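> Sharing a structure with you now.
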Amino acid sequence: MRIILVSHGRLALGMQDTVKFIMGETPNLSAYAAYVDSDESKYVYSIEAELTQHPEEEFVICTDVLGGSVNTTMIQLLKDYPNVELIAGMNLPLILQLLAESTVKDKDKLAGVVESAQQALVDVNGLLVAQKNGEEDDL
């Protein structure tokens, strides 16, 4: 399975750098920054080239925000590349968990990965208040 990160600006590149810091080299992870130079569609051509180079592989493309221009552009790729799953709203726990998986062809498995990443979002102030009030036993 190959994972592609794509975002407005350099967020995806930063995610890739952080993953490399934590896990070392990850040849199945690539990242693209949209709208960082004068050629606004360069990232799309690069992603299509990667998809075309590996037609038998499963891909997960993670974008920064649902409904944003990067996400809607990636949605257009779904019709031509049935081996692509698209997830919007990437975060580091999502990327790390995807890298730990060998496949996400099972829709339930993919849903579990997404749900786990969603649960990684925590209002720490609220958690600390709840703990102080005895509502939580531990962090």
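The values are calculated or read from the model by the stated rules, or taken from the named source; none is laboratory data. Source: prediction; values computed, not measured. Glycine gets a Cβ as well: all are built from the backbone with ideal geometry, and neighbour counts include every protein chain shown. Please note that ligands, DNA and RNA were not included when accessible areas were found on the heavy atoms of the full protein model with its side chains. Shrake-Rupley method; radii C 1.70, N 1.55, O 1.52, S 1.80 Å.
> What does the charge add up to near Ile47, with Lys and Arg as +1, Asp and Glu as -1, over the other residues with Cβ less than 13 Å from its Cβ?
So the surrounding residues net to -1.
> Express the accessible area of region 38-139 per residue in Å², computed with a 1.4 Å probe while the remaining protein chains stay in the model. Each step should come with its number before you reach the end.
Values: 6240 Å² over 102 residues.
Using a 1.4 Å probe on heavy atoms only, each residue of region 38-139 averages 61 Å².
> List every residue whose amide H lies under 5 Å from the amide H of Gly89, counting only residues 5 or more places away in sequence or on a different chain, with H placed 1.01 Å from N in the peptide plane.
Here the answer is Thr63, Asp64, Val65, Leu66, since their amide H atoms fall under 5 Å of that of Gly89.
> Cα gyration tensor of the chain, axes a ≥ b ≥ c as square roots of the eigenvalues: rounded (a/c below 1.5), prolate (a/b > b/c) or oblate?
It comes out prolate by the Cα gyration axes.
> With the cut-off at 17 Å, report for region 48-109 the share of all Cα pairs above it, as a whole percent.
Counting pairs separated by more than 17 Å, the tail of P(r) holds 43 percent.
> ³J(HN,Hα) across region 63-73 via Karplus (A = 6.51, B = -1.76, C = 1.60, θ = phi - 60°), whole Hz, x for Gly/Pro?
10, 6, 8, 5, x, x, 4, 5, 5, 5, 5
> Could you check how much of the accessible area of region 3-139 is carbon and sulfur, as a whole percent, using a 1.4 Å probe?
53
> Could I ask something else about it? Give me the one-decimal nm value for the distance between modelled label points at Glu56 and Gln118, 7 Å along each residue's Cα-to-Cβ direction.
3.6
> Assuming R0 = 30 Å, what is the FRET efficiency of Thr26 and Leu127, from their Cβ-Cβ distance, to the nearest 0.05?
Efficiency, from the Cβ-Cβ distance: 0.45.
> Turning to a different aspect of this structure: For Asp39 and Asn83, calculate 0.36 nm times their separation in residues minus their Cα-Cα distance, and state this gained length in nm to one decimal.
Difference between extended and current length: 13.2 nm.
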